[in-house]
Structure formats: structure tokens, C-alpha cells
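Read the figures in this text as sums done on the coordinates, not as results from a lab. Note that the coordinates shown come from a computational prediction; the quantities given were computed from them, not determined experimentally. Positions of Cβ are generated from backbone atoms using ideal geometry, with glycine treated the same way; all protein chains shown enter the neighbour counts.
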């Protein structure tokens with residue numbers, strides 16, 4: 001009998017240990033690596049944008065060299081932010097329908113509005129006002145297709161009088177201020193999607209949006225560090241050490257706050273002994289040990305925190321070459337750590353049964369719509385777009401006006 | 001008096017946003033699937049598409065009842081009244097429908113355990129047994145599958 005029984009069970013629930021509800025016993029979790037990448041990519045957008053607003057709104061002069069770079073990075077990633085969702089849904093022949101049938105009461109569908117607002121009203125406009133003067137000039141000097149693109153992007157406005165440029169800067173500054181809450185909205189929204197799922201103790205949590213925003217800032221700054229360093233090496237240009245130090249400093253601050261909030265979340269759950277805490281503990285110790293304890297906690301948080309923290313104190317004693325390497329390593333660790341965090345949230349929440357007494361095992365596959373190969377492709381796409389954007393808008397052969405942060409008139 | 005003039009770049013942006021908005025509305029009216037609001041916030045035609053894509057698998061209790069009205073009647077009296085025949089007998093094979101003499105496999109006792117083996121995830125009032133404490137395999141030697149209420 002027991003043999004037959006196991007045969008039946010093997011047919012019904014192939015990947016579970018413990019007690020699970022029949023409707024949970026699918027052959028794979030509903031959300032896979034694509035849904036992991038979705039919050040990751042949107043987070044990078046929001047983070048890179050906030051990095052850029054440090055220059056614009058908070059006038060951190062030292063970060064001037066990465067202002068445009070971080071905006072372009074945000075744009076490159078934003079252009080790919082919807083792709084994981086669309087790929088996950090399948091049916092490319094119907095993908096446009098999701099855009100022409102907006103729904104006002106579905107939290108998932110609200111992403112359309114959040115995304116459209118952020119792309120159209122914030123990022124593109126800020127970039128356009130920032131670049132407009134340069135675009136007009138480049139359109140006049142550059143020949144061929146390049147010049148044509150610049151001329152097209154001016155949408156026919158060729159006024160580069162000082163008054164017009166001053167207005168551009170002012171508008172760009174206003175949009176930038178608007179952009180900060182928008183960036184929080186964009187990523188807070190993604191956290192909200194998970195945080196509002198009451199039935200799942202791993203997700204249902206009022207501070208989920210805040211955790212998402214903070215980790216987004218951390219990953220976005222790390223991404224800017226990474227992109228800036230790689231770009232400088234490719235161009236064989238000396239790194240601006242002051243800029244790098246300041247980025248490292250902000251990365252450290254963001255990381256401190258992020259780590260503190262996430263730790264608070266765990267401490268609060270442990271102390272209040274919420275119903276689901278046992279299964280979460282089990283997940284952290286067993287099922288998600290590598291991605292959570294090693295990836296997210298050790299690699300993504302503790303090591304960068306200690307390294308960057310000691311650099312804040314002992315910057316003078318560390319040579320430029322070593323500091324550069326340390327920043328680079330920290331940036332990569334943080335980027336991987338935040339990716340692990342997204343994995344832990346999205347997949348971790350699906351790995352245990354709603355009975356809180358059963359756990360699923362899942363092996364990431366290579367091929368297929370939810371395989372890691374497609375995920376890797378998807379993750380390299382924004383870098384390809386960014387390369388094109390940099391060729392077009394940050395080319396060394398182009399003269400720039402030099403960006404002057406807008407200062408509101410004291411009068 | 002000079003009337004207010006919008007700066008050219010702002011004017012172009014407003015114009016552009018307006019154009020995007022209008023083309024979106026046009027696209028919306030043209031591209032929204034015809035059956036979209038037929039029943040609710042989805043494509044009504046999707047339902048028909050699904051029914052043609054998937055052949056029905058189960059025949060259903062009433063189909064069995066055409067040939068086995070007696071079993072249907074006895075089953076309706078006991079504790080198994082809400083079960084469908086195919087829950088125990090498996091999917092009706094096409095041969096069985098055209099040629100009733102081609103027997104379906106008689107289900108063994110193992111099938112009972114799919115529902116009756118004790119498990120804490122089942123509702124508390126549900127009749128459950130722990131197999132190894134309950135005469136093991138040959139359920140049908142004592143219980144009548146169609147009349148489970150008959151106490152053996």
C-alpha cells in the first residue's frame with residue numbers, strides 16, 4: 001500500500017515536503033526568474049534616478065561627472081522594465097492589449113500608469129530639457145544620421161539664447177524635484193504589490209514598499225558606480241576620485257539605512273512571533289540559505305557595509321588604486337546582493353505552503369521562458385541600450401555646454 | 001500690452017504630449033478587441049477560444065447515469081453522493097461509450113486512500129483512517145464503494 005500511496009503522492013505533488021494544499025501543488029511556482037528581474041530592474045531605475053537628483057536637487061557638486069550618465073542609465077533600464085512582465089505573460093501578439101485597456105482598480109494594472117508617468121513625464125522630459133541646448137548645437141555640427149537624430153530630437157525648437165537655456169535648466173530642476181517622489185512611487189509601488197498580499201507572511205508587510213525603495217537606492221547607486229568605472233576604463237580616462245569617494249559615501253549611507261530597516265523588519269517579526277515566523281526561519285536557515293544568508297546578508301550587506309564604512313573613516317590611508325578596486329568590488333557585491341534579495345522575496349514567498357507547514361523545492365532551469373538564460377539575456381539588454389545611448393549622448397567627440405546646476409533666483 | 005507667450009520649447013512639449021494623448025485615444029478605440037466588455041473586464045471571445053482549444057476530458061456523472069441508473073441512484077443515497085463516478089473509476093474511455101461491454105478497470109482500494117488517508121490538512125469532520133491501523137488494503141472486502149454508509 002505505502003508504495004502505491006507514494007506513487008499517488010508522487011504524481012500529485014512532486015516537489016513538496018510537509019503539508020501543502022492541493023491547489024498549491026503545481027509542477028513549478030507561478031512566478032519565476034522573470035518576475036524576480038522585474039523589481040530588480042525597476043529598482044535600478046529608481047536608484048539611478050535618485051543618484052542623478054543628488055546633483056540636481058541637492059546640488060552635490062562632486063557628482064557632476066555622473067549626472068548625465070546616471071540619467072541615461074535610468075533610461076536604459078526603464079526601457080526594459082516592462083519586458084520581464086510581458087515575457088512572463090506570453091502571447092506577444094496580444095501584448096499591446098494590456099496597454100490599451102487600462103484598469104483603475106487592479107493594483108497590477110496600475111503599473112501602466114506609474115510607468116507611463118515616470119517615463120514620459122519625468123525621465124524623458126528631464127533628459128530633454130537638460131540636453132536641449134546641446135542637441136541644437138550638435139544638430140548643427142554633426143553630419144549624417146547622427147546629426148539627423150539630434151535635429152529630430154530637438155522637435156524643431158532651435159532657440160539657444162541664454163534666456164531659453166536658463167528656462168530649460170529651471171524646468172529640468174522642477175521636473176527633477178517632481179521626479180524624486182515619482183521614483184519613490186515607481187518602486188514603492190512594486191513593493192506595495194508584494195506588501196499588500198495579506199495571506200503571505202513573507203510578503204504581507206506594511207514596510208515592504210520602504211524596504212523596496214531603500215534597496216532600490218542602494219542598487220541604483222551601486223549600478224552608477226559600476227557603469228561609471230567601466231566607462232572610464234573603456235575610454236582609458238582617469239577616474240574622478242572625488243566623485244567616486246562621494247558615490248561610495250552615499251552608497252554607504254543608503255546601505256546603512258537599508259540594512260537597518262531590513263533588520264528591524266526581521267527583529268520585529270521574531271519578537272512579535274508572528275504566525276508565519278517559523279516557516280520564515282526555516283527558509284532563511286535551509287531553503288534560502290545561499291541566497292539569503294550568504295548572498296543577501298553577507299555578500300550584499302555586511303561585506304560592503306564594513307568595507308565602505310572603514311573607507312569613510314580611513315580614506316586617507318588607502319591609496320587610490322586600492323580604493324578604486326574596493327569600490328568596484330563593493331558595487332558588484334551590492335548589485336548581486338540586491339538581486340539575491342529580489343529572488344528571496346519573489347521566490348521565497350512561493351516556496352512555502354499557505355499551511356505554513358510545507359516547503360517546495362525548485363530548480364532553476366537553463367532554457368525556457370522562466371530559465372536563467374533568458375533572464376541573463378534580459379539583464380544584458382539594458383547594458384546594450386546604454387551603450388548606444390552613451391555613444392549618442394555622451395560621446396567624447398561632442399562638445400557639451402558643461403552642465404550648470406540650476407540655482408533658484410534668490411530674488 | 002504684450003499678451004503672454006508660451007516659450008517655444010514648452011509649447012512644443014505640450015503639443016507633443018497632446019499628440020501622444022490623442023494618438024493613444026485613437027489607438028484605443030481602434031485596437032480594443034471587439035468582445036472586450038461583453039461580460040466584464042476581459043475579452044468575451046477568450047471563453048469560446050478556450051473551449052475549442054481544450055477537448056473536454058470528463059464525461060460527467062449524468063452521462064454515466066444513462067447506462068447505470070441504478071448505481072447513480074444508490075450512490076446518491078450515501079456518503080459518496082457528491083462524488084462523481086470518474087473520481088474513482090477514472091476517465092471514461094471512448095471505447096467504453098461506444099461498446100459498453102468493454103469493461104473499465106475496476107478501481108482497487110488504493111483509490112479510497114486518495115481521499116481517506118488521514119492528513120491534518122483535511123477538514124476535521126471528514127472521515128479519515130490511518131491505513132496501517134485499519135485492515136490495510138482491501139477496503140472493498142468490507143465497504144461498499146457506492147454505499148459507504150452501510151456499516152460492514
Ranked by Cβ crowding within 10 angstrom, fewest neighbours first, how are A:390, B:20 ordered? B:20, A:390
Once Rh for segment A:186-284 is found with the Kirkwood sum over Cα pairs, what is the Stokes-Einstein diffusion coefficient at 25 °C and 0.890 mPa s, in µm²/s? 158 µm²/s
List the relative contact order of chain A as a percent without decimals, with contacts defined as Cα pairs under 8 Å and 6+ residues apart. 28 percent
Exposure proxy order (Cβ contacts within 10 Å, fewest to most) of A:152, A:104: A:104, A:152
Please grab the % of Cα pairs in chain B that end up more than 27 Å from each other. 57 percent
Rounded, prolate or oblate (a/c below 1.5 giving rounded, otherwise prolate when a/b exceeds b/c) for segment A:273-394 by Cα gyration tensor: oblate
Expressed as a rounded percentage, what relative contact order does segment B:61-142 have, with Cα pairs under 8 Å and six or more residues apart? 19 percent
Going fewest to most other Cβ atoms within 10 Å around each Cβ, A:330, B:88, B:139 line up as B:88, B:139, A:330
Wrap a convex hull around the Cα atoms of segment B:61-142, take a quarter of its surface area, and give that in square nanometres. 6.4 nm²
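Evaluate the relative contact order of segment A:269-337 (contact order divided by residue number), counting alpha-carbon pairs under 8 angstrom at least 6 apart; express in whole percent.
Relative contact order comes out at 39 percent.
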Expressed as a whole number of Å, what is the distance separating the alpha-carbon centroids of segment B:64-113 and segment A:242-311? 57 Å
Dimensionless Rg/Rh of chain A, both radii on Cα and Rh by Kirkwood, sits at 1.01
